[in-house]
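Okay, structure first, notes after.
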Amino acid sequence: MLSVQSSTKSLNELYLSQDSCSTLEVKKEVFPQGYEFELNESSEHFSQLEKFILNNWDCGAADLTSKDALLESFAKLSDFDFSTLKDARWEKDSLIFLAKHKFSQKSYSIKVHENSFRTCRRNYQRHRSVLSSCPNVSLVHGAVKVVSATGKSYFVVIYNFVVGLTLDQALKRQMLTNEKAVDGLISLCLELKKIDFNVLFLDKTDFIFTVDAEIVITDWDKLFNTKSTNSEESITRKCNSFVSSMIFQE
């Protein structure tokens, strides 16, 4: 994880973490009044990034597994500053970059991963609007499909940058108690239950404790659409077990 600083809040001890092909489709009623300009601005930024990716990365034009090659390619897009948020930790793990618009200072995460994960592919293409309406889920503006030189399909996902600590790091630094962490995860799961989604608790880096003291999930591959959502008792048990596992690993 990379440490950062912010001009609006003290983030000296915080980390950046983001761990998901169509244009921006957001229902206005989902967002408070006054956000139209911001959404239009984000739509313009997504369109600019999408066009760049299709023109410079598709059909084998760039090595989609090379962090250095992609960063070098980004240098052609002068309206943004780019840096690396996360290296691939294993085969098929994602690369994630930070894109900061120089004029507006709006920041986005750009996640590059193989198009081999059925759940996130379905979420990007079928469930993006409903998932983006959930305040505890990172807002995805779009997923651009590109093809490597070997013919392998990839997604390049552009979503709002989330500032905060991974939940395990927040617990380690005592920024919240174990009970508050469990309560936050339960709240997240209950919000997703309302729209018929279950959460898979697998990777502790999927959950971010934000500067607004909220817990957000950033990996759409861990969100499963189902009519048989977990009961509140099951959700409570899973959340307790997940937080306990973080403490035990420390």
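I'm checking my understanding of the structure. Among residues of the range 70-92 that are surrounded by 13 or more Cβ atoms within 10 Å (Cβ to Cβ) and small (Gly, Ala, Ser), which one is farthest from Ser153 (Cα to Cα)? My answer is Ser83.
The conditions of being within 28 Å of Ser43 (Cα to Cα), of a type in the set (Phe, Trp, Tyr), assigned by TED's automatic domain parsing to the domain that holds Leu77 and part of a helix (DSSP H, G or I) are not met by Tyr154.
Is it the case that Leu223 is under 21 Å from Arg122 (Cβ atoms) and in contact with a Leu (Cβ under 7 Å, 6 or more places away or on another chain)? Yes: the conditions hold for Leu223. Each residue in the range 217-250 was checked for being loosely packed, with under 12 Cβ neighbours inside 10 Å, under 23 Å from the mean Cα position of the chain (by Cα) and among the basic types (Lys, Arg), and 0 pass.
Yes or no: Val146 touching a Ser or Thr at 6+ places or on another chain (Cβ under 8 Å) and either outside the structural domain of Ser109 (by TED's automatic domain parsing) or surrounded by fewer than 22 Cβ atoms within 10 Å (Cβ to Cβ) (or both)? Spell out the reasoning first.
Details: touching a Ser or Thr at 6+ places or on another chain (Cβ under 8 Å): yes; either outside the structural domain of Ser109 (by TED's automatic domain parsing) or surrounded by fewer than 22 Cβ atoms within 10 Å (Cβ to Cβ) (or both): no.
Answer is no for this residue.
Restricting attention to the range 216-230, which residues are under 10 Å from Asn136 (Cα atoms) and not in a loop (DSSP other than H, G, I, E, B)?
Correct list: Val216, Ile217.
Would you pick out the residues in the range 178-215 that are modelled with pLDDT of 95 or more, in contact with a helix residue (DSSP H, G or I) (Cβ under 8 Å, 6 or more places away or on another chain) and not in a helix (DSSP H, G or I)? Answer for the range 178-215, where residues must be modelled with pLDDT of 95 or more, in contact with a helix residue (DSSP H, G or I) (Cβ under 8 Å, 6 or more places away or on another chain) and not in a helix (DSSP H, G or I): Ile195, Phe197, Asn198, Val199, Leu200, Phe201, Phe207, Ile208, Phe209, Glu214, Ile215.
The values are calculated or read from the model by the stated rules, or taken from the named source; none is laboratory data. Note that the structure is a prediction, hence the values are computed from the model and not measured. Quick reminder, even Gly has a Cβ in these numbers, built from the backbone with ideal geometry, and neighbours come from all protein chains shown.
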